[in-house]
Amino acid sequence: MKITLGERTAETAAIYFERSRSPAIRKTLPQKAQTLEEALEDFRKTQEPGANSFGMTIYANEQYAGDVWCYCMDSNGDPQAMVSYCIFEQTLWGRGIATEALRLFLEEVRERFGLARFGAFTFAANTGSIRVLAKNGFRLQESFMEDGVESGYYLYQ
């Protein structure tokens with residue numbers, strides 16, 4: 001399967017918002033935006049000069065399948081950015097798409113922004129996400145409970 005990354009647009013941000021609202025995704029991925037308007041406003045902020053977040057779309061065999069992004073970007077921070085990803089096309093889960101997309105994205109962010117240290121959070125029960133992180137060199141740094149849910153903080157250096 002050919003995995004590529006593309007530019008996020010207001011149109012893809014709207015599609016992502018709608019497709020990522022499924023119950024299966026909502027139980028594994030906390031979502032800040034609760035309305036389409038909030039999601040589009042968040043997207044617009046990523047387009048401003050000096051934005052501290054950046055995202056790309058994920059395509060599997062030219063089918064829009066999800067998004068990958070980083071936030072809290074700070075070249076002096078440790079980590080220098082936090083990453084997240086979501087394959088909203090559930091028929092494509094478990095096929096290595098997120099693993100390859102994250103690898104490509106980290107390469108892009110290192111080249112474009114000069115960042116090298118990344119963090120990620122995931123729920124402890126989200127074994128698929130944990131595998132994606134591990135395959136990309138992230139290592140568990142801390143386990144913790146948040147809002148009654150066991151979670152983990154992973155670091156890539």
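Bear in mind that the values in this text are calculations on the coordinates, not laboratory data. All values derive from a computational prediction rather than experimental measurement. Virtual Cβ from ideal backbone geometry, glycine too; neighbours counted across all protein chains shown.
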Would you grab the residues whose amide H sits under 5 Å from the one on Asp67? Only those 5+ places off in sequence or on another chain, please, with H modelled 1.01 Å from N.
Ile58, Cys86, Phe88
Can you compute the charge dipole magnitude of the chain about its Cα centre, using +1 on each Lys and Arg Cβ and -1 on each Asp and Glu Cβ, nothing else charged? Give it in debye, rounded to the nearest 20.
500
On a straight-distance basis, which lysines could pair with Lys45 in a cross-link, Cα separation under 19 angstrom, same-chain partners fewer than 8 positions away excluded?
Lys32
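Cβ neighbours within 10 Å, averaged per peptide: list 80-87, 7-14 in order, most packed at the top.
Output ranking for 80-87, 7-14: 80-87, 7-14.
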Calculate, in nm to one decimal, what Leu40 and Lys27 gain on full extension: separation in residues at 0.36 nm each, minus their alpha carbon distance.
2.5 nm
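Pairs of alpha-carbon atoms within less than 8 angstrom and 6+ residues apart define the contacts here; what relative contact order does the chain have, in percent?
Contact order relative to length: 20 percent.
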Per the helix-only model, the chain has a calculated mean residue ellipticity at 222 nm (DSSP H runs of ≥4, -39500 (n - 2.57) each, divided over all residues, rounded to the nearest 500) of -9500 deg cm²/dmol
